[in-house]
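J.: Below you'll find the structure I mean.
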Amino acid sequence: MSYTSSVLILESESAHSVGKAFARGEEQSLRAAYLQHGRLIYTYCRRTLDEARASDVTQEVFISAWRSRHRFDPAKGTLVGWLISITRNRIIDNVRAERRHSERRDNRDPAELPTRSEIDAVGTKLLIADALRSLSDRARRVVVLHYFEGLTHRQIADRMSLPLGTVKSDLRRSLLKIRHLLESAND
């Protein structure tokens with residue numbers, strides 16, 4: 001099997017399969033991981049860093065992840081959660097360096113730089129958004145109706161013409177998936 005066909009197969013596989021291949025050190029999995037999660041990682045960086053630094057940090061994250069892939073355990077969490085964790089640390093390192101440099105250069109107010117809690121909040125929001133995108137349309141709609149529009153289980157069931165048990169099951173499975181992603185980012 002050629003490199004290109006291996007990458008195409010990996011790109012079409014689930015994020016879980018790519019995570020397993022990444023942990024095994026299959027070279028094509030790095031590209032597949034970047035294709036699946038690069039945009040999310042860049043978005044996280046861009047929300048807290050300038051454009052040039054965001055691009056650099058995104059690249060640093062994937063290089064660092066690849067070099068330390070032996071530490072990633074797909075049984076303990078998701079690849080995207082692990083990458084978000086690495087990204088958070090890289091962003092914090094960059095913000096700290098910028099604070100040190102801005103104090104010396106006196107050209108940027110360190111108060112303008114994001115705090116660690118702000119950086120963490122951005123990462124959490126992006127992981128939740130990513131988790132919501134990974135849900136089926138029905139499950140995503142149930143979660144949005146319940147948690148963002150404040151509808152009860154019964155109201156959702158009536159509005160979507162679903163059995164009440166289906167609504168409850170969709171919510172439970174969706175929350176477990178979101179929790180798993182968030183926990184894997186904090187390991």
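J.: Return yes when VAL143 is in contact with a His (Cβ under 6 Å, 6 or more places away or on another chain), in a helix (DSSP H, G or I) and modelled with pLDDT of 90 or more and no when it is not.
T.: Criteria not met by VAL143.
J.: Which ones in region 51-81 are touching a residue at least 60 places away in the same chain (Cβ under 8 Å) and more than 17 Å from GLY38 (Cβ to Cβ)?
T.: The answer is LYS76, GLY77.
J.: Going through region 112-136 one residue at a time, which ones are without any contact (Cβ under 8 Å) to a residue 40 or more places away in the chain and either crowded, with 19+ Cβ neighbours inside 10 Å or assigned to a helix (DSSP H, G or I) (or both)?
T.: Within region 112-136, GLU112, ARG116, SER117, ASP120, ALA121, LYS125, ALA129, ARG133 meet the criteria.
J.: Considering region 158-187 alone, what residues qualify as being at pLDDT below 85, open to solvent by less than 50 Å² (accessible area, probe 1.4 Å) and of a type outside the set (A, V, I, L, M)?
T.: SER184 - this is the single residue of region 158-187 that is at pLDDT below 85, open to solvent by less than 50 Å² (accessible area, probe 1.4 Å) and of a type outside the set (A, V, I, L, M).
J.: Name the residues in region 142-152 that are more than 27 Å from PRO74 (Cβ to Cβ) and buried (at least 16 other Cβ atoms within 10 Å of the Cβ), would you?
T.: VAL142, LEU145, HIS146, LEU151
J.: Another question, if that's okay. If I filter region 25-66 down to residues being of a type in the set (Lys, Arg) and either within 19 Å of ALA131 (Cβ to Cβ) or at pLDDT 95 or above (or both), which single residue comes out as surrounded by the fewest Cβ atoms within 10 Å (Cβ to Cβ)?
T.: The extreme case among them is ARG39.
The values are calculated or read from the model by the stated rules, or taken from the named source; none is laboratory data. All values derive from a computational prediction rather than experimental measurement. Counting neighbours? That spans all protein chains shown, and the Cβs are built from the backbone with ideal geometry, glycine included. Accessible surface is based on the protein model in full, side chains and every heavy atom, while ligands, DNA and RNA are left aside. Shrake-Rupley method; radii C 1.70, N 1.55, O 1.52, S 1.80 Å.
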